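The values are calculated or read from the model by the stated rules, or taken from the named source; none is laboratory data. These figures come from a predicted structure and were not determined experimentally. With ideal geometry, Cβ positions are generated from the backbone for all residues, glycine too; neighbour counts draw on all protein chains shown.
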Amino acid sequence: MRYISTRGNAPVLDFEGATLAGLAADGGLYVPESWPTMTRDQIAALAGLDYVETAVRVMAPFVTPSLSEDDLRALCTLAYGRFAHRAVTPLTQLDHDQWLLELFHGPTLAFKDVALQLVGLLFERFLTGSTEPLTVIGATSGDTGSAAIDALAGRAGVDIFMLHPHGRVSDVQRRQMTTVLAPNVHNIAIEGDFDTAQALVKAMFRDPAFAGRFRLSAVNSINWARLMAQVVYYFYAAVRLGAPERAVAFSVPTGNFGDVFAGYVASRMGLPIERLVVATNVNDILHRALSSGDYSCGTVTPTVTPSMDIQVSSNFERLLFDLNGRDGAALAMQMAGFESTRAMRLTNAQSEGASGLFTSMAVDEVDMAAAMRWAHDGADQILDPHTAIGLAAALAHKGDAPMVTLATAHPAKFGDAVERVTGVRPALPVRVGDLFDREERFDVLPATFDAVTDFIAGRAQPRG
Ligand SMILES: *Cc1c(COP(=O)(O)O)cnc(C)c1O
C-alpha cells in the first residue's frame, strides 16, 4: 500500500515511511492511496478467529510490502499478549441491544494501548539497523502520554519526550508516565495548560533549525499506523454480533476523531456498519460540524472527560479529504482558510457524504451521569465518564441494529468522577496496583520554546 497526503503535496510513502513520518511535509495527514476491501465471504471467515488472527487479516493489505504477514502476526502476538483479557477487546452486554466493547485491558487502562502497543513495536522494527535514532515528541492531556511511554520504554533507537501540563493530569495518569524510569523516557511537566504544551510541540516540528537536527516523529493520532490498528476491533466486535449478515452500529466517545475515523475505514473496507454515532462532551465542534456544517473553534471548557476536551480534531481532515473527491489541492485551500480564521464550512459533498454514515450528539454532564447510573443500576457495570458519554449518545439513537459503545477507559483511571456519580470507588486492577508506591521522575519546565528545546537538545541523539 502507498500513502498520500490529504493536502496533495508531500512525497508518496510506503507503510514504513508513513509510520515513521507522522505528519506529512505539506502539513497534511497520510492516508492510504485507496481503500482495500474485504468481501462478504472474507468477513464471514473472521468468525471464530482470535484477536491476533483477526488483526492480521484486517491489517495485512495496509502494511504490505513493508511487512510480511508472518512479521505482522509476530508483532501482533507480542503487542496483544500484554493485554490482561484473553479476548483483548471483549464485548459486554448491557441490555437486549446495547453492548460495550471494552478497549481498556492494556497496560495503561485506556483504548490508546490497543494501537500504541503495536506502534511501539513497529517503530523498533523499522529502526533496526538504522543509524538514525528517532526522537518522538508529544503533548498529552493524560492518556496518550502514558500509552506511548509504556509502548516505547526501553525500545532501541527511540527517545521519547512527553510534555504534560504540570498539575493538570490525574494522579493515576501522571504516575503512569513518571514512574517509567527507562533511560529513553523523558517526562516534562510544563508550567501551563495542555494547549500551551501542544503549541510548543507544533512549534518544534515547524522550526527548521530544531527539526533539522533530529529525526522527529509523532505518536498522536495523526499517525496512520495508530488508526489502522483501531480498525481491527470494529471487525472483531461486529462479526461477533452477526456481521456480515447483520449490520451493527457503534457509538464512539470522540475527541480528535481518531477512534471513530477507524470505524469509517472499517465501513469503507466493507464492514456493514448501520451508524457511527460521534459522541462529544460540551466541547462540541464535531457535533456542530456534522449537524450543521459549521466547523469553528470556540474555547475549551474543562470537563470530567479530559481526553475529549479539544478545540480542533486533527483527524477530521482525513474524512473531509475522502468525502471531497480526494482533492488534495482543494483541501489544502480549505484548511489554509481554517487555519487563518479558525472557522470553515463543510462543502455540500462533505456534509452529504458524512450524513450517510455519521450521527452526532453533544452530551452534558447531567446526561453523562444518567447513562453511568443506567449501566450501574441495570447491568452492574461501572463505566468511566468518557464511556458514559458514548453510552448516553447510544441510548438516544433510534435504530434497529445492535449498538456497541466503545468503552475507552477503565473506570479506575477516572475514579473521582465515577465515585461522585455512582458512590462506588472503582479499584485499580491488580496489575497496576503498586502504581502509588513506585518512584517518580520528571522535570518541570517553564512554557517557553527555548527552555523545552534546550532540554531536549541536551538529551536526544542527533541525526547521524
Ligand atoms: C483519547 C481518548 C478519547 C478520544 O479518542 P479520539 O481518537 O481522540 O477521538 C476518548 N476517550 C478516552 C478515554 C481517551 O483516552
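Report yes if Asp97 is crowded, with 24+ Cβ neighbours inside 10 Å, among the acidic types (Asp, Glu) and modelled with pLDDT of 95 or more, otherwise no. In short, no.
Could you list, in sequence order, the residues of segment 135-170 that are part of a loop (DSSP other than H, G, I, E, B) and either crowded, with 22+ Cβ neighbours inside 10 Å or within 16 Å of the ligand (Cβ to nearest atom) (or both)?
Selection gives Thr140, Ser141, Gly142, Arg168, Val169, Ser170.
Do we find a residue being closer than 23 Å to Arg174 by Cβ and within 16 Å of the ligand (Cβ to nearest atom) anywhere in segment 437-460? The answer is no, given that none of the residues of segment 437-460 is closer than 23 Å to Arg174 by Cβ and within 16 Å of the ligand (Cβ to nearest atom). In this structure, is Gly337 in a loop (DSSP other than H, G, I, E, B), more than 16 Å from the ligand (Cβ to nearest atom), farther than 30 Å from His386 by Cα and more than 23 Å from the chain's Cα centre (by Cα)? When the stated conditions are applied, Gly337 does not pass them. Ala153 meets the conditions (1) in contact with a strand residue (DSSP E or B) (Cβ under 7 Å, 6 or more places away or on another chain); (2) within 23 Å of Gln311 (Cβ to Cβ) in every case but one. The failed one is (2). Sort out which residues of segment 45-58 are loosely packed, with under 15 Cβ neighbours inside 10 Å and touching a residue at least 40 places away in the same chain (Cβ under 8 Å), and write them in order of number. Selection gives Ala47 alone. Taking the numbered list (1) surrounded by 22 or more Cβ atoms within 10 Å (Cβ to Cβ); (2) in contact (Cβ under 8 Å) with a residue 60 or more places away in the chain; (3) outside any helix (DSSP H, G or I) in turn, Met177 passes all entries but (3).
A quick yes/no check of all residues on (1) out of contact with any helix residue (DSSP H, G or I) (no Cβ under 6 Å at 6 or more places or on another chain); (2) assigned to a loop (DSSP other than H, G, I, E, B); (3) hydroxyl-bearing (Ser, Thr, Tyr); (4) surrounded by 15 or more Cβ atoms within 10 Å (Cβ to Cβ):
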site: Thr19; (1), (2), (3), (4): no, no, yes, yes
site: Gly27; (1), (2), (3), (4): yes, yes, no, yes
site: Tyr30; (1), (2), (3), (4): no, no, yes, yes
site: Ser34; (1), (2), (3), (4): yes, yes, yes, no
site: Gln42; (1), (2), (3), (4): yes, no, no, no
site: Ala60; (1), (2), (3), (4): no, no, no, yes
site: Pro65; (1), (2), (3), (4): yes, yes, no, no
site: Leu75; (1), (2), (3), (4): no, no, no, yes
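How many of the residues making up segment 366-401 are touching a residue at least 60 places away in the same chain (Cβ under 8 Å) and either crowded, with 24+ Cβ neighbours inside 10 Å or under 20 Å from the mean Cα position of the chain (by Cα) (or both)? Matching residues across segment 366-401 total 13. Going residue by residue through segment 396-411, is there one that turns out to be part of a loop (DSSP other than H, G, I, E, B) and within 16 Å of the ligand (Cβ to nearest atom)? Yes: segment 396-411 contains one or more residues that are part of a loop (DSSP other than H, G, I, E, B) and within 16 Å of the ligand (Cβ to nearest atom). With respect to Ala229, is the statement that it is in a helix (DSSP H, G or I) and touching a strand residue (DSSP E or B) at 6+ places or on another chain (Cβ under 6 Å) true? No, not satisfied. Among the residues of segment 220-256, count how many are at pLDDT 95 or above, within 13 Å of the ligand (Cβ to nearest atom) and farther than 25 Å from Leu78 by Cα. Matching residues across segment 220-256 total 5. Scanning segment 189-214 for residues that are part of a strand (DSSP E or B), surrounded by fewer than 22 Cβ atoms within 10 Å (Cβ to Cβ) and under 23 Å from the mean Cα position of the chain (by Cα) yields a single hit, Ala189. Scoring Val260 on the criteria (1) within 11 Å of the ligand (Cβ to nearest atom); (2) aliphatic (A, V, I, L, M); (3) farther than 26 Å from Arg57 by Cα leaves a single failure, condition (3). Is it the case, given these coordinates, that Leu118 is crowded, with 20+ Cβ neighbours inside 10 Å, more than 14 Å from the chain's Cα centre (by Cα), modelled with pLDDT of 95 or more and within 16 Å of the ligand (Cβ to nearest atom)? When the stated conditions are applied, Leu118 does not pass them. Looking only at segment 297-335, residues that are touching a Gly at 6+ places or on another chain (Cβ under 9 Å), more than 19 Å from Val31 (Cβ to Cβ) and of a type in the set (Gly, Ala, Ser) come to 1 in all. Scanning segment 421-440 for residues that are charged (D, E, K, R) and touching a helix residue (DSSP H, G or I) at 6+ places or on another chain (Cβ under 6 Å) gives Arg425, Glu440.
Only one entry of Gly293, Gly298 meets the criterion of being at positive phi and in contact (Cβ under 8 Å) with a residue 12 or more places away in the chain, and that entry is Gly293.
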